[in-house]
Amino acid sequence: MTITFKKRQFYLLICIFVSISIQAQEVAWGDQGNGKYVNPVLAADYSDPDVIRVGSKYYMVCSDFHYIGMPVLESDDMVNWKIISQVYNKFDFPEWDKNERYGGGSWAPAIRHHDSKFWVFFCTPHEGLFMSNAVNPAGPWSPLLNVKNVSDWEDPCPFWDEDGQAYIGRSQLGAGPIILHKMSPDGTYLMDDGVTVYEGPVAEGTKIHKMNGYYYMSIPEGGVATGWQTVLRSKNIYGPYERKIVLEQGSTSINGPHQGSLVDTPDGEWWFYHFQDTHPLGRVVHLQPVTWKNGWPEVGKDYDGNGFGEPVKE
């Protein structure tokens with residue numbers, strides 16, 4: 001009885017501490033009501049965020065691991081977000097019915113808008129590559145399609161080129177290398193076994209863009225809590241790619257600033273979302289300003305003058 005009582009006391013103290021921590025941050029993070037925001041813009045566990053803009057609205061998805069039902073979030077201003085739908089609500093695999101897939105759900109999804117539809121692709125560590133799409137991001141979303149039943153894939157991102165050819169980039173479980181596949185335009189099957197286009201230190205989470213004749217791959221490297229953000233570019237989607245580190249912890253307290261997405265505004269501004277691995281809140285979401293120089297994005301602010309951007313607080 002004494003042990004049980006002490007355990008309950010300890011649990012209660014932990015709950016109070018977390019509650020106070022969250023309440024204290026309510027006045028410190030997100031929209032400040034004066035035209036400014038303070039990072040993190042989402043002080044909650046939205047791991048591996050991917051964000052796109054369609055028209056004047058922004059849409060976000062994130063990993064949900066062993067939880068079921070990837071949320072789709074919407075924003076008018078990039079800072080204030082609301083959940084508008086759920087991509088799926090079950091996996092049709094027996095291990096999931098037995099609760100034997102802890103941490104084994106969606107890893108680092110990508111959301112894109114193409115052919116008047118919203119597309120979400122993600123991998124699970126054991127079952128492979130999945131796809132769902134919807135005309136309206138608020139749903140309904142199509143039933144999950146297991147595009148490739150394979151283990152040890154992660155972090156996929158689709159890309160439709162100007163000639164209509166579709167591709168999907170991904171990494172291998174444990175991170176790296178970055179592998180590019182040709183894909184059917186309807187996203188239902190892969191057309192080859194993939195080509196390795198980049199190898200780096202814990203390279204993963206690729207996001208693919210094309211601007212001004214360059215293919216860009218935005219990738220995190222160096223590990224979840226200790227890494228940085230790298231951008232690759234090439235005139236050919238298969239490379240060879242030039243490499244530039246665009247965001248690191250540097251002199252700040254924001255560890256592992258990486259794994260996110262480049263997004264533009266209707267007015268031509270650019271921004272970058274990334275997460276920070278924290279406790280007990282999980283992987284919280286930060287928003288960084290972006291400027292372009294000589295065809296490369298410069299993320300955050302270079303406080304220590306070493307040529308690499310660092311996260312801004314406000």
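What follows draws every value from the coordinates through simple rules; no lab data is involved. All values derive from a computational prediction rather than experimental measurement. Glycine gets a Cβ as well: all are built from the backbone with ideal geometry, and neighbour counts include every protein chain shown.
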Subject >> Interchain or long-range residues, amide H under 5 Å from L173's placed H >> reply: W153, E154
Subject >> J(HN,Hα) series, the range 228-244, from Karplus relation 6.51 cos²θ - 1.76 cosθ + 1.60, nearest Hz, glycine and proline x >> reply: 8, 10, 10, 10, 10, 8, 7, 7, 10, 4, 8, x, x, 9, 7, 10, 8
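Do any chymotrypsin sites (Phe, Trp or Tyr not before Pro) in the range 62-149 lie in a DSSP loop with no more than 13 other beta carbon atoms within 10 Å, and if so, which?
Taking the range 62-149 and a limit of 13 other Cβ atoms within 10 Å, the loop chymotrypsin sites (Phe, Trp or Tyr not before Pro) found are Y67, Y102.
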Original post:
Highest GNM mean-square fluctuation, the chain, Cα pairs closer than 10 Å: which of K148, K98, K36?
Top reply: K98
Subject >> Calculated from backbone phi, Karplus (6.51, -1.76, 1.60) coupling profile of the range 203-217 in Hz, x at Gly/Pro >> reply: 6, 7, x, 5, 10, 10, 9, 9, 8, 6, x, 9, 8, 10, 10
Subject >> Label assignment, semi-axes √(5λ) of the Cα gyration tensor in Å derived from the structure, set (i) 30, 26, 19; (ii) 68, 24, 14; (iii) 58, 21, 18 >> reply: (i)
Original post:
Which ³J(HN,Hα) values, rounded to whole Hz and listed in residue order, are derived for the range 163-169 from phi using the Karplus coefficients 6.51, -1.76 and 1.60 in 6.51 cos²θ - 1.76 cosθ + 1.60 with θ = phi - 60°, glycine and proline given as x?
Top reply: 8, x, 5, 9, 9, 9, x
**OP:** In whole angstrom, note down how far apart the Cα centers of the range 100-158 and the range 183-217 are.
**Re:** 15 Å
Subject >> Computed lengthening from N80 to D97, 0.36 nm per intervening residue step minus Cα-Cα distance >> reply: 2.6 nm
